[in-house]
Amino acid sequence: MLIESLTPLLVSAIGAAIPLLFAALGELIAEKAGVLNLGLEGTMLMGALSSFLAVAEGSSLFLALLIGVAVSVLFTLLFAFVTISLQANQVATGLSLTILGVGLSAVIGKTYVGFSAAKSFAPAPIPILKDIPLLGPSLFSLDYVAYFCLFSVIAIAWFLTKSKAGLALRSVGESPSVARSLGLPVTKIRYLAVLFGGGFAGLAGVYYALAQFKVWQDGLTSGNGWIALALVVFGTWRPFKVALGALLFGSVTVLGLYFQLVDIKVSAFVLASFPYVTTILVLVYLSMDKETIRRHAPAWLGKPFFDDR
Amino acid sequence: MIKLQLKPRTEPNQRMQVYAPLIAIALTLLSGLLLFQLLGENPFIAYKAFFFDPISDINGISELLLKASPLCLIALGLTICYRANIWNIGAEGQMYIGGIFATGIAIHYTETLGHWTLIVMILASALGGAIWASITALCRAQLNTNEILVSLMLTYVADLTIKFLVYGPWKDPMGNNFPITISFADEALFTPLAFLGWSFWDGTRVNTSIFITLFFIPLVWIYNEKLFAGFKNLVVGIAPGAAKYVGFNEKKIIWIVLVFSGLIAGIAGATEVAGPIGQLNDKWTPGYGFTAIIVATLGRLKVSGVVLASLLMALLYLGGESVQVTMQLPKSVSQVFQGFLLLYLLACDVLINYEIVILKKIGAKYVN
């Protein structure tokens, strides 16, 4: 009985967690290279809109996904160029990217508001595993994009801790001048990390447009780009903890569903504020542990680095 | 083959301080041209509708001031914050709470307070904004939590609080179920300048709330440029190590700058609900709190710059409304302009602190 009532909750919690996880993993890589990109929300919307338009124009789902990612990477290139090459303030530039993305997606998507996506990602249950109670319907009956997301948690964790390239990336985020003196191409690494983050934000947007909501609305991502940013801090820059955080936030988002199940009457607006309030509380709780933050946060986060070569 | 490289200047270039924003504006206009072209509109007709038609008569000027005033007000508060390197990006939420506090007074206490209603509303809105910002201050100063995320999350909460109120307890019973409060009585509204015997403004909406902005402009200028407290902000922002060394109380400064910017954003909320809107509803602001971030940045955190930038941003809002009416283009066009402008401005700032050197490839090496 308990499992039966928990199953739909876990299914929707994981569904809500996937796009958050995509965006947060991408941001984690960018931040590990020392670049704080506050443009996630705008980038996600650009990715969401372009993939939505792609399927509306008859492209396949896979092509639409690639288009969404490509547009997001190009969009993030603006941010990368202005902050890395032109040394601009990362906070303000990220904000400008979000404002631009929210505006552009609203202008271009105007005629599509309320339209349903022409195609969407369908669940692809894994044989045998899908029959496990609770985990089967929730974790092993996802679509391919979601499986890729879960796989990237492991891949990114491996990359950061076990690979040489990951070490190079982390050293750039800790001290670019030391990395530079070791002969690492600091500027190139920063660019790649930021663009990777943009691509993953794009995947998050695609997931919102073609897997979760399947309908176009202004500001489809409703602030989740910002929650993804908070998730990186929440996970103290570690992929598995970020994944855990995403699941927690996914659960908070579907809390409304739970309240309906057990017949608790709470205003929809109060419910809608839970993810935001939770974010604040969790951030405050984590900040008290200064030692963990100090140990895992990239030391050079948010600061420009002038590469004179 | 040639290659461009940046070379740091020994000191910021004074001329570029002026040219950089102009170049940014030019680039923004150029991008807008492309955007209109993409949307299938004649860009020159669109530009005329966007930048000239809205301010071609006295009513347009009045609307411009009506929008520039809250933008300027909020941005003034933000200059104080950003000078101390405290990134309050939740002014929008602080403004919401200010609007809520003012509305609470207007719909519950107008009869009791009579002619004092408006004054009490302004004070209440200041209190509301300050309380909302002090949550961020508490998190940042006392608990060492990132102020960017906290202030932004609080904006979403403030937005939902308004929705909760106007869909619930404060909903006008005679409002055909629309999410709006009752319309405020005259005692709870700013008087239009036209009613003060100023025939010049006849038929326009600009009101006395503009004097609040005019009051804060010199006040913030004195604080930023003349007072030691303003200087301390700057030191904490630019050189936190030095500030600590000379014993400036960083926590206290964080509290002051956040509470002040929240207070002033709260008042902007009152000038809106008791001004052109005259009630509280769920979509009453076109994002003044976020646009003010651009105003503060564009104005280079200087009061004079903020005044000019707020007029420019107000024009972008009016332009967006104008092309919506005359050309059926979405209003969000103004947001696109805002985004481009801020992005280009940040990009062009490189010219102030760096020189661009052109290197030519001779043999295998690049030389000057």
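Every read-out reported here was derived from the displayed coordinates using simple, explicitly stated rules and does not represent laboratory data. All of these numbers come straight from a predicted model, not from anything done at the bench. Every residue, glycine among them, receives a Cβ derived from its backbone with ideal geometry; neighbour counts consider all protein chains shown.
At an R0 of 41 angstrom, the distance between the Cβ atoms of B:Met327 and B:Trp198 translates into a FRET efficiency of 0.75.
Estimated from helices alone, the mean residue ellipticity of chain A at 222 nm is -22000 deg cm²/dmol (sum of -39500 (n - 2.57) over DSSP H runs with n ≥ 4, per residue). Measuring between alpha carbons in the structure, the pairs from A:Lys303/B:Lys283; B:Lys67/B:Lys232; A:Lys303/B:Lys244; A:Lys32/B:Lys7; B:Lys244/B:Lys302 lying more than 29 angstrom apart are A:Lys303/B:Lys283; B:Lys67/B:Lys232.
Taking the alpha-carbon distance from B:Lys48 and a cut-off under 19 Å, which lysines remain once sequence neighbours fewer than 8 residues away in the same chain are dropped? Leaving aside lysines fewer than 8 places away in the same chain, those within reach of B:Lys48 are B:Lys331. Summarising the amide proton neighbourhood of B:Glu355: residues at separation of 5 or more, or on other chains, whose placed amide H is nearer than 5 Å comprise B:Lys7, B:Arg9. Across region A:162-309, the relative contact order, built from alpha-carbon pairs under 8 Å that are at least six residues apart, equals 28 percent. One decimal place: the segment A:Ser5-A:Lys241 gains 82.3 nm when fully extended, by the rule 0.36 nm per residue minus the C-alpha distance. Taking the fewest neighbouring Cβ atoms within 10 Å as the starting point, the ordered list for A:Ser116, B:Ser56, A:Ser12, B:Ser209 is B:Ser56, A:Ser116, A:Ser12, B:Ser209. Estimated from the Cβ-Cβ distance and a Förster radius of 56 angstrom, the FRET efficiency linking A:Ser163 and B:Ile222 is about 0.50.
For the pair B:Lys171 and B:Gln142, the difference between a 0.36 nm per residue extended length and the Cα-Cα distance amounts to 6.7 nm. Label chain B by shape, choosing from rounded, prolate and oblate, from the square roots a ≥ b ≥ c of the eigenvalues of the Cα gyration tensor; if a/c is under 1.5 it is rounded, and otherwise prolate applies when a/b is larger than b/c, oblate when it is not. The shape class here is oblate. Taking other C-beta atoms within 10 Å as the exposure proxy, B:Glu147, B:Glu187 rank B:Glu187, B:Glu147 from fewest upward. Starting from the Cα gyration tensor of chain A, take the square roots of the eigenvalues, sort them a ≥ b ≥ c, and report rounded, prolate or oblate (rounded when a/c is under 1.5, otherwise prolate if a/b is larger than b/c, else oblate). Taking the square roots of the gyration eigenvalues as a ≥ b ≥ c, chain A is prolate. Placing a label point 7 Å from the Cα of B:Asp282 along the Cα-to-Cβ line, the residues of region B:148-164 whose backbone N sits under 11 Å from it are B:160-164. Packing here is the average count of other Cβ atoms within 10 Å per residue, and on that basis the peptides A:79-90, B:93-104, highest first, run B:93-104, A:79-90.
Relative to the current alpha-carbon distance between B:Ile61 and B:Gln5, full extension at 0.36 nm per residue lengthens the span by 15.7 nm. Shape class of region B:121-273 from the Cα gyration tensor (axes a ≥ b ≥ c, square roots of the eigenvalues): oblate, since a/c reaches 1.5 or more and a/b does not exceed b/c. Computed as a quarter of the hull surface, the mean projected area of the alpha carbon convex hull for region B:225-368 stands at 15.2 nm².
Between B:Gln17 and A:Val262, the C-beta separation translates, for a Förster distance of 56 Å, into a calculated FRET efficiency of about 0.35. Ranked by how many other Cβ atoms sit within 10 Å of their own Cβ, fewest first, the residues B:Arg205, B:Arg140, A:Arg295 fall in the order A:Arg295, B:Arg205, B:Arg140.
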